[in-house]
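What follows is a set of notes on a single structure, which appears directly below.
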Amino acid sequence: MSENYNLVIKNGHCYIDSKLIKKDIGILGDKIKKIGKIDQKDNKVYDATDKVVLPGIIDTQVHFREPGSTDAEDLESGSRAAVLGGVTSLFEMPNTNPPTANLIEFEKKLQAAKNRMHSNYAFYFGATPNNTEQLAQLKNVEGCCGVKLFAGSSTGNLLVDKEADIEKVISSSDRIVSIHSEDEDIIKLRKKFIKKGDVHSHPEWRNVECAMSSTRRVVKIAERFNKRIHVLHVTTKEEVDFLAMHKKNVSFETTPQHLTLYAPDCYDKLGTYAQMNPPLRTKDHYDRLWVAIKNNTVDVLGSDHAPHLKINKEKEYPNTPSGMPGVQTIFPVMIDHVNNGKLSLSQLMNLMCENPCKIFGIKNKGYIKENFDADLTVVDMNKEVTIKNEMIASKCGWTPFHNYKVKGFPVGTIVNGKLVMVDGKILIESKGKPLQF
Ligand code: DOR
């Protein structure tokens, strides 16, 4: 019997039911229609022989700077970088200018994304001390992944730092509240630890207690109101140990940077390019984050892609902005860690595919399954690449992983059934869609 598909992914080792199994995948429209042996006659074929085929990778934290700082990034350039790095879906942050903190700005962002994004997407709604009424009405808002609360100040002017306001946001939101967890009072108090011209002082300023104090506070609030929260970019061993005991209402993520770079080496080597919030810390924190990855305590990985132009990153610390790009490198860096035995492939799939879907309720993604969305990341596990600034599609044009060697690389990205990237080239101007929750 002849079968017709728009695309057949042939002979790949597909990640199905937590195992790699050699199968063909028949795609019709934007869905996986059949998994099995498929007659290739009359069908467009992508030959995935010797390749690993994974569910599309999800990056749960990126900043694409539109509106406001589109010289550093926009929705098109950021999502182009995403698919080049094997990412098929992402959550984008509201600390733009103006911030995405009311329904009008949210709708504008959704409209701006239409027909311009290469990957699928959802947007965070920014919390302020005064928009709790709107936070209570987000359940059915298309393309909204949750509420973002900055408990400590970072790039942009979104901030909810008073305990009573944090309570108001967490208790009133009808969506998960994801938190940038640093304590604003401690940030202010410890400014005296900033050493002009020396970025090594960044983690002294925004120290462990700064993160831990905020995390204790938000977890306590979530438990008191029996609400779900998600703590973003966790960086300290103290938070990891604390969060491991409070998982009922709380999930959390860390970043590939914090699993790959540590102080003081990162600041010696990268200077202010290594400056981010919360900061890169010493190796004991890095080691504990890895223990938490190994024992499955970490739920999700997000790149915290935060592009800033070189001209700003090269100012004198602390006049330099915090943040580094990462949406294009999150998957290559993490698949290299899989190849090096730091975590298993199924742990990576939990962190970047299955858990984001479970925690945030993304529909029809995260798995290679019949009738699920045809978002796939094809990987050559043996391909060795030295990451270079020149490869970076982000408008910022640099990466903290310049000259970093990885083994394992995405060679194909399929979004909504369309082959959008092959061997580092964008094939079609894809039309990413809002994620469904
Ligand atoms: O370092 C950071 N940069 N941390 C954040 O939370 C925000 C980000 C940005 O938008 O630049």
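Among 194, 368, 166, the largest mean-square fluctuation in a Gaussian network model of the chain, built with springs joining Cα atoms closer than 10 Å, belongs to 194. Using a ≥ b ≥ c from the Cα gyration tensor of the range 121-166 (square roots of the eigenvalues), is it rounded, prolate or oblate, where a/c under 1.5 gives rounded and otherwise the larger of a/b and b/c decides, a/b for prolate? Since a/c reaches 1.5 but b/c is at least a/b, the shape of the range 121-166 is classed as oblate. Each residue of the range 106-118 was assigned a 3J(HN,Hα) from its phi angle through the Karplus curve 6.51 cos²θ - 1.76 cosθ + 1.60 (θ = phi - 60°); the sequence is 5, 5, 4, 5, 4, 5, 5, 6, 4, 6, 10, 9, 7 Hz, with glycine and proline shown as x.
As a test, work out the antiparallel percent of DSSP beta bridges whose residues both lie in the range 7-142, rounded to the nearest 5.
Numbers: 13 of 26 bridges.
Around 50 percent antiparallel, to the nearest 5.
Run the helix sum for the chain: -39,500 (n - 2.57) per DSSP H stretch of 4+ residues, divided by residue count, reported at 222 nm to the nearest 500 deg cm²/dmol. All intermediate terms of the calculation are to be shown ahead of the outcome.
Details: 14 runs with 114 residues, N = 437.
When only DSSP H runs of four or more count, the value is -7000 deg cm²/dmol.
Comparing mean-square fluctuations of 257, 328, 347 from a GNM of the chain with C-alpha springs under 10 Å, the top value falls on 347.
Put a dot 7 Å past the Cα of residue 436, heading toward its Cβ, do the same for residue 244, and the two dots end up 3.9 nm apart. Spin-label model, residue 224 to residue 312: label points 7 Å out along the Cα-to-beta-carbon direction sit 3.5 nm apart.
List, in the order given, every pair from 188/294; 22/418; 195/395 whose Cα-Cα distance in the structure shown is over 28 Å. It would help to have the intermediate numbers written out before the result.
Details: 188/294 35 Å; 22/418 21 Å; 195/395 30 Å.
Long pairs (Cα-Cα over 28 Å): 188/294; 195/395.
Arranged from fewest to most other beta-carbon atoms within 10 Å of their beta carbon, 20, 376, 435 become 20, 435, 376. Which residues in the range 301-339 place their backbone N less than 20 Å from a point set 7 Å from the Cα of residue 97 along the Cα-to-Cβ direction? It comes to 305-325, nothing else. Once the Cα-Cα distance is subtracted from the 0.36 nm per residue extended length, the residue 405 to residue 429 segment shows a gain of 5.7 nm. Each residue, residue 193 and residue 363, gets one label point 7 Å from its Cα in the Cβ direction; the gap between the two is 4.6 nm. The Cα center of the range 119-143 and the Cα center of the range 364-437 differ in position by 27 Å. With springs connecting C-alpha atoms under 10 Å apart, model the chain as a Gaussian network and identify which of 242, 106, 409 has the largest mean-square fluctuation. Of the options given, 242 has the highest mean-square fluctuation.
In the chain, a dipole from Cβ-located charges (positive for Lys and Arg, negative for Asp and Glu) runs towards its positive end, and of 366, 250, 264 it is 366 whose Cα lies farthest in that direction. In terms of the Cα gyration tensor, with a ≥ b ≥ c the square roots of its eigenvalues, is the range 249-381 rounded because a/c is under 1.5, prolate because a/b exceeds b/c, or oblate? Because a/c hits 1.5 or more and a/b exceeds b/c, the range 249-381 counts as prolate. A Förster radius of 22 Å combined with the Cβ-Cβ distance from residue 20 to residue 265 puts the calculated FRET efficiency at roughly 0.05. Computed over the alpha-carbon atoms, the range 264-337 gives an Rg to Rh ratio of 1.00, Rh here being the Kirkwood radius from the mean inverse distance.
Is the chain rounded, prolate or oblate when judged by the Cα gyration tensor, a ≥ b ≥ c being the square roots of its eigenvalues, rounded requiring a/c under 1.5 and prolate requiring a/b larger than b/c?
Values: a/c = 1.68, a/b = 1.45, b/c = 1.17.
Since a/c reaches 1.5 and a/b is larger than b/c, the shape of the chain is classed as prolate.
Taken as Cα centroids, the range 216-285 and the range 1-74 sit 32 Å apart, rounded to the nearest whole angstrom.
Put in line by how crowded their Cβ is, counting other Cβ atoms within 10 Å and starting with the fewest, 337, 246, 118 read 246, 337, 118. The ranking of 421, 245 from fewest to most other beta carbons within 10 Å of each one's beta carbon is 245, 421.
The numbers here are math on the coordinates, done by the rules we state, and not lab data. What you see is a predicted model, and the numbers here were worked out from it, not measured in a lab. Ideal geometry is used to build each Cβ from the backbone, glycine not excepted, and the neighbour counts take in all protein chains shown.
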